[in-house]
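Derivation of every value follows stated rules applied to the coordinates shown; laboratory data play no part. What you see is a predicted model; the values in this text were computed from it and never measured. FYI the Cβ positions are ideal-geometry reconstructions off the backbone, even for glycines, and counts take in every protein chain you see.
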Amino acid sequence: AIDIAKLRDQTGHITIDAGYKNTGATKSAITFLDGENGILNYRGYSIEDLAEKATFLEVAYLLIFGELPTEKEYADFEYEIRTHTLVNEDMRKIFEGFPVNAHPMGVLSSLVSAMSAFYPDHQDAEDLTSLHIIRLLAKLPTIATWSFKKSQGHPVNYPQNDLDYCSNFLNMMFALPVASYEVDPVVAKALNKLLILHADHEQNCSTSTVRLVGSSQANIYSSISAGISALWGPLHGGANQEVIEMLEAIKNDGGDIQKYIDMAKDKTSGFRLFGFGHRVYKNFDPRARIIKKAADDVLNKLGIKDPVLEIAQKLEKAALEDEYFVKRKLYPNVDFYSGIIYRALGIPTNMFTVMFAIGRLPGWIAQWKEMRTNKEPIGRPRQVYTGPVKRDFVAMSER
Ligand code: ACO
């Protein structure tokens with residue numbers, strides 16, 4: 001008889017690394033991240049420089065094609081994107097079938113997945129600089145604004161292609177047919193910065209998902225749609241929504257910050273302080289530093305006094321002085337502040353993760369393209385089996 005226990009022991013050595021905390025799944029030339037020293041570079045350029053000096057589309061080009069664009073390359077790239085912002089009206093029909101209170105992330109991942117049906121030539125899209133990349137970058141903001149418009153009971157706005165990428169998005173979000181709307185340059189600039197900060201972050205959960213799905217040679221739309229789903233989770237991109245909801249809960253609960261800190265320290269409570277801690281950054285999150293300043297600028301310039309922000313500031317201070325958080329190096333991450341800015345810009349809480357997805361899109365595309373260009377093998381992790389070794393089948397009547 002076959003000794004399965006023996007066979008199991010002979011299947012070779014398998015490394016268990018739950019959550020892949022120390023396992024490199026690929027080699028990549030896109031993003032350099034040094035968690036100990038808080039360094040984040042895209043293609044060698046520091047996140048501080050890019051956030052200050054570049055446009056989001058310039059950064060998208062850099063991530064996807066490897067170099068900063070020349071003036072001509074940038075103009076061509078931007079032109080292509082501007083001319084593909086319209087979304088097929090039949091996609092609108094699919095969208096209309098969603099309930100009014102559908103979460104915009106569920107809608108976004110479904111509609112990006114649906115794009116694979118509208119652009120079926122993706123299967124033989126061997127040209128990795130293809131129109132599919134342009135379509136995704138151009139249409140994602142348009143689709144993203146639909147959910148907001150529907151939640152308001154307003155008609156959707158069509159893209160206005162004389163506007164830059166960020167202003168076009170803001171216009172589709174906030175312009176109403178009954179009033180004139182001017183995009184505030186302070187707001188457009190803050191959005192540009194936020195999108196750049198989120199544009200790539202090496203092999204995080206959603207990016208690894210995009211690469212893994214793409215490694216089976218699934219098309220780019222399906223791969224990105226899977227990435228959007230992965231991003232939705234509260235331990236990943238969903239954290240920015242959770243942060244604001246947590247701050248609002250603290251405010252409505254009388255502002256007792258210590259109560260929530262104590263709850264986060266109590267492992268049996270199942271509660272964590274959202275916006276604190278990071279898998280990779282164990283000293284500080286460089287994006288959090290940039291964004292904290294941007295949050296201050298936006299709130300000052302727009303003259304916003306927000307009690308939720310006051311809670312955020314007090315919570316940050318209290319956590320940074322608490323031994324539990326200090327010992328575990330739990331600092332505010334980028335999501336702690338991004339929600340505050342989105343709120344100031346008038347973006348509703350359930351759209352925060354959608355904003356993250358718009359920002360992360362060039363990173364996903366760049367990583368998908370790199371994986372395909374390098375002809376990486378299909379991703380297929382192993383396991384250590386812990387179930388019963390061998391059992392005899394029992395007829396249903398005897399169970
Ligand atoms: N509040 C309270 N305790 C925490 C928190 C938190 N936010 N984060 C981590 N801890 C504790 C853990 O309980 C653990 O304690 P222990 O050593 O006593 O067991 C220790 O700190 C280490 O935590 P891990 O979960 O092992 O850290 P990991 O690297 O696996 O997780 C993560 C990182 C998921 C970000 C975690 O810190 C967390 O859940 N934070 C809150 C959610 C959040 O803000 N997510 C956004 C991440 S950033 C992004 O996606 C852009």
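From the convex hull of the Cα coordinates of the range 345-399, what is the mean projected area in square nanometres?
Working: hull surface 38.8 nm².
Its average projected convex-hull area is 9.7 nm².
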Explain nothing, just the number: relative contact order of the chain, from Cα pairs under 8 Å at least 6 residues apart, as a whole percent. 24 percent
Please list 3J(HN,Hα) in residue order for the range 22-29, calculated via the Karplus relation 6.51 cos²θ - 1.76 cosθ + 1.60 where θ = phi - 60°; whole Hz, with x for glycine and proline. 10, 10, x, 8, 7, 9, 9, 10
Which residues qualify? For Phe276, with a placed amide H closer than 5 Å and at least 5 residues away or on another chain, they are Asn333
A correct Karplus calculation of ³J(HN,Hα) over the range 137-151, with 6.51 cos²θ - 1.76 cosθ + 1.60, θ = phi - 60°, whole Hz and x for Gly and Pro, returns 5, 6, 8, 4, x, 4, 4, 4, 6, 4, 4, 5, 4, 5, 5
Charge dipole of the chain about the Cα centre (unit charges at C-beta), most positive-ward option of Asn240, Leu170, Leu111: Asn240
Taking H placed 1.01 Å from N in the peptide plane, check which residues at least 5 places from Thr26 or on another chain put their amide H under 5 Å from its amide H. none
Dipole magnitude of the range 209-352 about its Cα centre, charges +1 at Lys/Arg Cβ and -1 at Asp/Glu Cβ only, in debye to the nearest 20? 520 debye
Across 10 Å bins beginning at 0, the whole-percent shares of Cα-Cα pair distances in the chain come to 4, 21, 30, 24, 13, 5, 2, 0, 0
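At 222 nm, what value in deg cm²/dmol follows for the chain if DSSP H runs of at least 4 each add -39500 (n - 2.57) and the sum is divided by all its residues, to the nearest 500? Let's see the in-between values first.
Values: 18 runs with 218 residues, N = 399.
So the helix-based figure for the chain works out to -17000 deg cm²/dmol.
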Go through the range 97-114 residue by residue and turn each phi into a ³J(HN,Hα) via Karplus (6.51, -1.76, 1.60, θ = phi - 60°); whole Hz please, and just put x for glycine and proline. x, 6, x, 4, 9, 4, 5, x, 6, x, 5, 4, 5, 5, 6, 5, 4, 4
Rounded, prolate or oblate for the range 99-209? Axes are the square roots of the Cα gyration tensor eigenvalues, ordered a ≥ b ≥ c, and the cut-off for rounded is a/c under 1.5. prolate
Just want to confirm a number: the relative contact order over the range 181-334, from Cα pairs under 8 angstrom separated by 6+ residues, in percent. 24 percent
